[in-house]
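Undergrad: Quick one: the structure is below, questions incoming.
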Amino acid sequence: MPGDGERSAGGGPVNPQDLNRSAYALNNPLTYTDPTGQWVESAIDIAFIAYDLWDIAQNGLTRENGLALAADVGGLLLPGLTGGGMLVRVAARMERFAGASPAIRQGVERLAKIVENPNVPPAYRHGLAMQLQRAEMLYAQGKLQGVEVLVEGGRVDFVLVTDELVEFKYWTQKHTDTNIDRLANQLKRYQASGRPIILELGRTKTDPITEAYLDKLLKELQGLEPVMDFSVLLVYHDAMTRKAYPSDVSDEEWAFVAPYLTLMDEAAPQRNYPLRDVSNALRYLLRTGAPWRMLPTDVPPWHVVYQQTQRWLKAGVVEQMVHDVRMLLRDITDRTPQPRAVVVDSRTLQSTPESGERAGYDGHKRRKGSKVHVAVATLGHLLAVVVTPANEQDRAQVAALAQRMQAIPGDTVEVAFVDQGYTGEQPAADAAAHGSRLAVVTLPTAKRGFVLLPRRWVVERSFAWMTRFRRLVRDDERVAETLAGLHVVAFAILLAHRFVSLMVQRS
């Protein structure tokens with residue numbers, strides 16, 4: 001028999017579907033069905049609240065996320081107010097464009113509505129959200145002149161007009177010949193600006209861009225080029241159809257590293273996989289330590305990633321990136337472009353069945369494996385790396401490291417700080433032959449416990465950075481040059497992230 005609290009005023013049992021939202025919240029939504037769908041609104045409000053809490057944890061309490069949290073909590077308690085936090089964020093975003101021209105404000109407002117619309121496919125919302133953040137950054141820098149958004153028949157066109165160029169993002173659910181003609185007509189409108197036009201085509205795995213479509217589009221653009229007198233950089237990639245891995249490159253970092261990694265035209269017909277996806281797969285392998293043949297199925301095949309990695313290493317583009325970023329970071333900290341002092345040391349990596357054939361036994365570390373000899377600047381940035389069997393002496397690698405450092409344009413290394421493993425006349429002569437000298441940093445005569453040695457701790461910190469990449473904790477490579485190259489890639493990832501983060505903070 002139902003209790004008193006389960007009877008209506010007429011004395012009959014209460015139907016849970018007749019309760020209002022506040023009373024319905026006391027019931028189990030898995031047991032009862034709410035025909036109004038208000039329990040779905042509650043779930044959405046909870047998701048919004050979770051995002052607000054995450055935003056506060058990441059960026060601290062601000063006026064925007066504080067008001068958004070209050071609005072979403074109110075939407076959870078009161079019916080009909082779902083999405084209040086989203087409106088607060090949109091309003092805050094509009095405030096950042098308060099002094100913008102109508103050409104910018106109208107485009108941003110329309111773009112914000114698309115980003116917040118749950119009916120838009122997630123891949124498009126993710127891509128447009130990134131572009132909205134880019135528009136905010138360009139506007140803060142004073143470079144943004146216009147924002148245009150067109151939604152028509154499954155097409156989403158987004159245009160950013162800056163002082164230097166026109167960025168045209170073209171996303172469509174159907175890549176047809178009719179869209180090619182419309183796209184060409186739209187490009188004509190930007191002919192008068194005289195700026196270079198970057199055309200980006202988005203695609204998904206369910207709607208690939210065929211070679212025939214690209215051929216016709218390129219022919220159309222080539223036919224327009226002499227008349228329009230503008231250059232077109234064609235970039236096409238998979239829209240984010242998978243959940244991003246924590247190791248994936250950010251949009252800001254990719255904009256910096258892409259010119260280094262693009263060995264041929266991004267639209268080359270022999271390219272079957274987006275270059276960014278290949279780079280993300282390599283970053284995933286380094287971070288997780290996964291074997292080449294066990295890469296996830298939602299990234300390019302392992303042989304594609306391995307072959308492209310070898311091309312990058314043999315071309316020297318990753319090493320060049322490390323040298324360039326090192327100079328940029330030194331310039332930011334008001335240092336000379338090239339270091340005058342370096343720190344040299346080695347570490348021994350345990351061998352595996354893959355690397356056992358070339359491994360040696362390190363009697364001091366009592367470990368069979370490979371030695372990674374590095375020379376880093378006083379900020380911990382990599383200058384040179386050499387891989388040998390673990391039974392090779394440290395002092396015997398001074399000449400090889402010095403020769404690699406001397407190959408760096410503008411090399412000004414005068415002194416190398418080393419430990420007692422580099423003592424002797426031969427290593428000193430090898431260093432002197434390349435214009436530098438060795439300074440041996442020794443342990444104090446009387447020590448107790450851990451002692452932080454001057455200068456030498458810098459290279460130990462760099463080794464600690466490498467342990468963030470599980471692939472570099474052991475020697476899993478059959479070829480020593482690949483192991484050395486992956487160390488360069490790891491430093492490129494760390495230094496590029498540091499540089500881009502500094503630039504974003506300063507902007």
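No value in this document is a laboratory result; all are computed from the given coordinates. It should be emphasised that the depicted structure is a prediction, and the values quoted were computed from it without experimental measurement. Heads up, the Cβs are rebuilt from the backbone with ideal geometry, glycines too, and the neighbour counts pull from every protein chain shown.
Undergrad: Taking every alpha carbon pair in the range 333-482, what does the distance histogram look like in 5 angstrom bins from 0, in percent?
TA: Answer for the range 333-482: a P(r) of 2, 9, 18, 20, 20, 16, 10, 4, 1, 0 percent.
Undergrad: Let a ≥ b ≥ c be the square roots of the eigenvalues of the Cα gyration tensor of the range 462-507; is it rounded (a/c under 1.5), or, if not, prolate (a/b larger than b/c) or oblate? Don't skip to the answer; put the middle values down first.
TA: Details: a/c = 4.31, a/b = 2.54, b/c = 1.70.
It is prolate, given that a/c is not under 1.5 and a/b is the larger ratio.
Undergrad: Rounded to the nearest 5, what % of the DSSP beta bridges within the range 333-482 are antiparallel ones?
TA: Working: 19 of 28 bridges.
If we restrict to bridges inside the range 333-482, about 70 percent are antiparallel.
Undergrad: In nanometres, what is the gap between the two model label sites at Gln141 and Val479, each 7 Å from Cα along Cα-to-Cβ?
TA: Going from the Gln141 label point to the Val479 one covers 3.7 nm.
Undergrad: Amide H to amide H under 5 Å from Leu383: which residues, 5+ apart in sequence or cross-chain, H placed 1.01 Å off N in plane?
TA: Sorted by chain and number, the residues that satisfy this are Ala375, Val376, Ala377.
Undergrad: Further question on the same structure: Could you please report the charge total around Arg478, scoring K, R as +1 and D, E as -1 over all other residues with beta-carbon less than 9 angstrom from its beta-carbon? Provide the component values of the computation, followed by the final result.
TA: Details: positive: Arg358; negative: Glu354, Glu357, Asp476, Glu477.
Residues near Arg478 contribute -3 overall.
Undergrad: If you don't mind, there's one more thing I want to ask. What is the order of Thr352, Thr309, fewest Cβ neighbours within 10 Å to most? Please report the intermediate quantities before stating the final value.
TA: Values: Thr352 15, Thr309 22.
Ascending Cβ contact count within 10 Å gives the list Thr352, Thr309.
Undergrad: Among Ile46, Ile104, Ile408, Ile493, rank each residue by its count of other Cβ atoms within 10 Å, from fewest to most, as a rough exposure measure. Mind showing how you got there, number by number?
TA: Details: Ile46 13, Ile104 21, Ile408 17, Ile493 24.
If I rank by nearby Cβ atoms, fewest first, I get Ile46, Ile408, Ile104, Ile493.
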